[in-house]
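Here's the structure, in structure tokens; my notes come after.
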Amino acid sequence: MVQVLWTSLVLLITFRESVSQEVNCYSRFDNGDCGDLLGEVTIEDCCLNPHYGYIGADGKCKFCGPASWSEWTTWGRCSVPCKEGVSQRRRECQGQGKCPLTSSLEELQKLTLETKVCIEPDCCPEHGQWSKWGEWQPCSATCEKGMRKRMRTCTEPPPRCGSSCEGPSEEEEHCVVDRVCPTHGGWSNWESWQPCSGTCAREDLPRPTQRRCRSCSNPPPSSVPPGDECPGLGSETRTCDELPSCPVNGNWGPWGPPSSCSVTCGVGVNEMLRQCDNPATKHGGLPCSGSNKGTQICNTKNHCPVDGQWSQWGTWEECKSNRGNIKCRKIGGQQRRQRWCEHTGFGGLTCEGKITDYRPCFDIKSCYFDSKLSEWSEWSHCEPPCGEGVKRTRERKCIPNLSGYPEAIGYPIKAKAYFEGEPKVNCTLLKDTKETLACIKVPLCDT
């Protein structure tokens, strides 16, 4: 038992990076994203908790738990905007160690990339053509220079399926009216506010004021033809309302003692508090900069519980019955299969559910049956999932005619019956049939 536990621990902490490497450790891992930064520790200490994550040397978030496949992404966009193309989805291996069944690049592509046929609406976008330009509109100015424009419509012919015409629908050009325009006066920019007449407000005197000016010179009004003077005043005054009593800036007092570690296993944080009272802020002085709370990383050096995970179900065992030999007979039996709770350690929870599964069955191994053709299977995914020569298939097979057997057996509750063993079927008159279609517009494989 000790040897098995130690082997599980060694597998659990086998990392791609060096375990002594300092990394940023996070208390939350969510499908490839790290959250809630704890601080910088070694990978070994961070992964004392198998639910944590850390940023690896490649800048990606790594999972501390055992290696497993992520969920499939949603199916991507169709590779064409109309008619038939393909859609793809992906997944990746997350966690420590290697995911199963990745012995070759071709097998890895099948496990991480899936491709299926997609059919978009048959209406493909087509550009329209412009009509002839309309007449020029009147000039926008009543004196000297202005602009005029003309328009055309996307109607000869109009576009199809959400497309449009290429180019602008309007055209502009300069125009000139034979009349001199008057120049109206314009204000210059305001000058900067002059300094306040005091630096602190006193209760026994009026508040200090400040003044700024501008001039009617941007541009000055013309004489012939006469232009308008600038509207409004050339100066303005305001009170210095923002002046406070003479300020006292705040300063932080000493840090209080740290709290207990936020976790009982793995890596957590201590919290410390301080007060802005050395001295306190007065009369509008600046408050203390920064936070009144501080944290520092703490390490319990205790491994967190590792909850168990079910293994894959084993193969179904032989179909048997307590009524004796049932081979080639329409007498139901029972099969069982088993699985095991793996990786449990450090006081973690055991797996929930049954370790053994049962189902009703009939033993038809090496039994003679008449044959029939199965229904067409569903179309397969496109294989290979990327590149050239991609195809999909479906098939009909010669199968035994089992219509004489009941579909469900059992007492008091009936359940679907399964057939155990390879029967002998006369398929001389019925042959397996397979159909193959090419998958079109499949993207090239990643390098």
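For the chain, what is the accessible area per residue in Å², given a 1.4 Å probe and the full set of protein chains?
Solvent-accessible surface per residue comes out at 67 Å².
Taking only Cα atoms, what is the 0 to 90° angle, nearest 10, from helix 2-12's long axis to the longest principal axis of the chain?
40 degrees
What GluC sites (Glu not before Pro) in segment 407-447 are in a loop by DSSP, with at most 10 other Cβ atoms within 10 Å of the Cβ?
Numbers: sites: Glu407, Glu420, Glu435; in loops: Glu407.
Within segment 407-447, the qualifying GluC sites (Glu not before Pro) (loop, at most 10 other Cβ atoms within 10 Å) are Glu407.
For a quick check of understanding: with a 1.4 angstrom probe and all protein chains in place, what accessible area in square angstrom does Ile399 have, to the nearest ten?
The accessible area comes out at roughly 50 Å².
Only sites in a loop by DSSP and with at most 11 other Cβ atoms within 10 Å count here; which trypsin sites (Lys or Arg not before Pro) in segment 412-447 make the cut?
Sparse-neighbourhood loop trypsin sites (Lys or Arg not before Pro): Lys431.
Please give every one of the lysines within straight-line cross-link reach of Lys83, meaning a C-alpha to C-alpha distance under 19 Å, and leave out same-chain neighbours fewer than 8 residues apart.
Lys116, Lys391, Lys441
Could you run the Debye sum over the Cα atoms of the chain, one equal point scatterer each and no solvent, and tell me log10 of I(q)/I(0) at q = 0.06, 0.08 Å⁻¹, two decimals?
-0.71, -0.95
May I ask for the Kirkwood hydrodynamic radius of segment 119-183, worked out over all distinct Cα pairs and given in angstroms to one decimal?
Values: mean 1/r = 0.0692 Å⁻¹.
This gives a value of 14.4 Å.
Which whole-Hz couplings ³J(HN,Hα) result when phi for each residue of segment 282-288 is put into the Karplus expression 6.51 cos²θ - 1.76 cosθ + 1.60, θ = phi - 60°, listed in order with x for Gly and Pro?
9, 6, x, x, 5, x, 4
For segment 305-413, what are Rg and Dmax over the alpha carbons, in angstrom?
Values for segment 305-413 (Cα only, Rg and Dmax): 20.8, 57 Å.
Project the alpha carbons of segment 95-252 onto their principal axes and report the range along each, largest first, in whole Å.
Largest first, segment 95-252 extends 86, 74, 22 Å along its Cα principal axes.
What length, rounded to one decimal in nm, is gained on full extension from Ser87 through to Ser366, with 0.36 nm per residue of separation minus their alpha-carbon distance?
Length difference between fully extended and current span is 96.1 nm.
For segment 66-188, take every pair of Cα atoms, bin their distances at 10 Å starting from 0, and report each bin as a whole percent.
Reading upward from the zero bin: 11, 18, 15, 13, 12, 12, 11, 7, 1.
Just to verify a number: what accessible area does Glu71 come out at with the full protein assembly present, 1.4 Å probe, Å² rounded to tens?
Probe radius 1.4 Å; accessible area of Glu71 about 140 Å².
Leaving out ligands, DNA and RNA, what percent of the accessible area of the chain is carbon and sulfur, probe 1.4 Å?
On the chain, the fraction of accessible area on carbon and sulfur atoms equals 51 percent.
What accessible surface, in Å², does a 1.4 Å probe find on Glu126, ignoring ligands, DNA and RNA and rounding to the nearest 10?
Its accessible surface works out to 100 Å², give or take rounding.
The values are calculated or read from the model by the stated rules, or taken from the named source; none is laboratory data. What you are looking at is a predicted structure, and each value in this text was computed from that prediction instead of being measured. Here Cβ is always computed from backbone atoms with ideal geometry, including for glycine, and neighbour counts include all displayed protein chains. Only protein heavy atoms, including side chains, enter the accessible area calculation; ligands, DNA and RNA are left aside. Shrake-Rupley method; radii C 1.70, N 1.55, O 1.52, S 1.80 Å.
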